[in-house]
C-alpha cells in the first residue's frame with residue numbers, strides 16, 4: 001500500500017461534488033454528494049463555494065485525518081455536443097476554488113488525476129463510444145456494496161455517479177506513492 005492515513009477524494013462539477021473518504025485499508029469511511037441544482041439556494045458560483053467551504057469546515061471537526069486530497073482534473077478538451085468554452089472555463093474556475101478551499105481547511109495541497117487515468121488505474125475498461133459513468137458505478141458497487149436510489153425513470157439519482165467517480169479517484173490515489 002502506498003499511502004498512510006485517509007484520502008479525501010472529490011469529483012468536482014458545478015452541479016454536484018462527489019465526496020469520498022477512503023482509509024489505508026481501502027475501506028469506504030464516507031460518501032456524499034453535494035448537489036447544487038437548486039438555483040434559489042445556489043444562484044451563483046460563490047454561493048456554491050460558500051457551501052463547500054462550510055462542508056469542509058464540518059469535515060475538519062470530524063475524526064477523519066487526511067494525508068492526501070485528490071480532485072479529478074477538469075476536462076480541457078472539447079467534445080462535439082458537450083462542453084463549450086464557457087462551460088470548461090467555469091469548471092476550471094470552480095475546480096480551482098474548491099482546491100483552494102481544501103487547502104485552506106486542511107493545509108494539504110490537492111493532487112489531481114484525469115478521469116481516464118483513474119479508470120485505467122482501477123482496471124475499468126471503457127470501450128470506445130461507451131458512457132463510462134455506468135461502468136464506474138458498477139465498479140463502485142462491486143467494491144463496496146453501495147446501494148443507491150433510482151429516479152422514477154429508473155436512472156440513478158443525481159449525485160450517484162459523482163460519488164462513484166470520487167470513489168474510483170480515491171482507489172486510484174492509493175496506487176500512487
Per the C-alpha gyration tensor (a ≥ b ≥ c, the square roots of its eigenvalues), the chain is rounded if a/c is under 1.5, else prolate if a/b beats b/c, else oblate; here it's rounded
Residue order, fewest to most beta carbons within 10 Å, for 73, 27: 27, 73
Just want the ordering: 162, 86, 138, from fewest to most Cβ atoms lying within 10 Å of their own Cβ. 86, 138, 162
Taking only DSSP H segments of four or more residues, each worth -39500 (n - 2.57), what value at 222 nm results for the chain once the sum is divided by all its residues, to the nearest 500 deg cm²/dmol? -13500 deg cm²/dmol
What is the fewest-to-most order of 72, 58 by other Cβ atoms lying within 10 Å of their Cβ? 58, 72
Antiparallel as a % of all DSSP beta bridges within the range 6-174, to the nearest 5? 65
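Only the coordinates and a few stated rules stand behind these numbers; no lab work does. What you see is a predicted model, and the numbers here were worked out from it, not measured in a lab. Because the Cβ atoms are built from the backbone with ideal geometry, glycine has one as well, and the counts that use them run over all protein chains shown.
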